[in-house]
Each structure stands twice: as structure tokens, then as C-alpha cells.
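Working notes, structure below.
Quick note: the coordinates plus some simple rules give every number you see, no bench work behind them. Being a predicted model, the structure only gives us computed values, none of them experimental. Quick reminder, even Gly has a Cβ in these numbers, built from the backbone with ideal geometry, and neighbours come from all protein chains shown.
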Amino acid sequence: MTSEVTDLIESLRDGSMSLEEVATRFRERLWPRRRKTTPATYLEMAAAAQEDPEPYLAGSFDDVVAAYDLGKLSDAEYEVLSEAAAESNRAEDRRIADL
């Protein structure tokens, strides 16, 4: 399954884009997020620990993790792209807070 994220990673792999170009695109895009409530009690934490993990979400940071796990990204590339995605999420959080 392809997504914008997998296409960007493939562009990095084939040399048609640099790491900085891909990181810039990561900073500019909106990342789909899973929003769950944080458990407030020990009982809620225990129940949450027993839940199945969320399913794979194409077009999300899951694609970056999968590429890393498959050896398509080096440690250094993963670190740069992780920070770029985090910057995008922080910017989105600030926009939401300002509303």
C-alpha cells in the first residue's frame, strides 16, 4: 500500500529527493493521529494495557516506523524524519490551541 509518506521515503531511497527535502515535506504535512483518552486511574490503565494495539494507519507515522523496521531508513534518517514529523504535530497543536 502506498501513501504520500511511502512515496517520500521511496524518493529518498532512489535519490530523487534529499533527506532535508523529505524532512521539509514532513514538517509541512498534517499527520493523522489517533486520539485516545488518557487513563486516569490504575483500573483504567490496567484495562488499556489489555487492549489490542491500534491497527496500521496508512499515511501516518506508522509508514515511517515500517520503513525503518524494513531497513529502508538508517538510524540517522529515522531521527531526522521523526523530529520533522514531531515539529509538524507541535505546530498543529499550537494552531488548535490558538483557536
Note, the range 6-18: 3J(HN,Hα) by Karplus (6.51, -1.76, 1.60, θ = phi - 60°), whole Hz, Gly/Pro = x, goes 5, 5, 5, 5, 5, 5, 5, 5, 8, x, 7, 9, 7
Quick shape check on the range 1-55: root eigenvalues a ≥ b ≥ c of the Cα gyration tensor, a/c under 1.5 is rounded, otherwise prolate if a/b tops b/c, else oblate, and it reads prolate
Per its Cα gyration tensor (rounded if a/c is under 1.5, else prolate when a/b beats b/c, else oblate), the range 3-99 is best filed as oblate
Checking the chain for GluC sites (Glu not before Pro) in a loop per DSSP with at most 14 other beta-carbon atoms within 10 Å yields 51
For the range 52-99, shape from the Cα gyration tensor axes a ≥ b ≥ c, cut at a/c of 1.5 then a/b versus b/c, turns out oblate
Placing each pseudo-label 7 Å from Cα in the direction of the beta carbon, residue 47 and residue 24 end up separated by a distance in nanometres of 4.8 nm
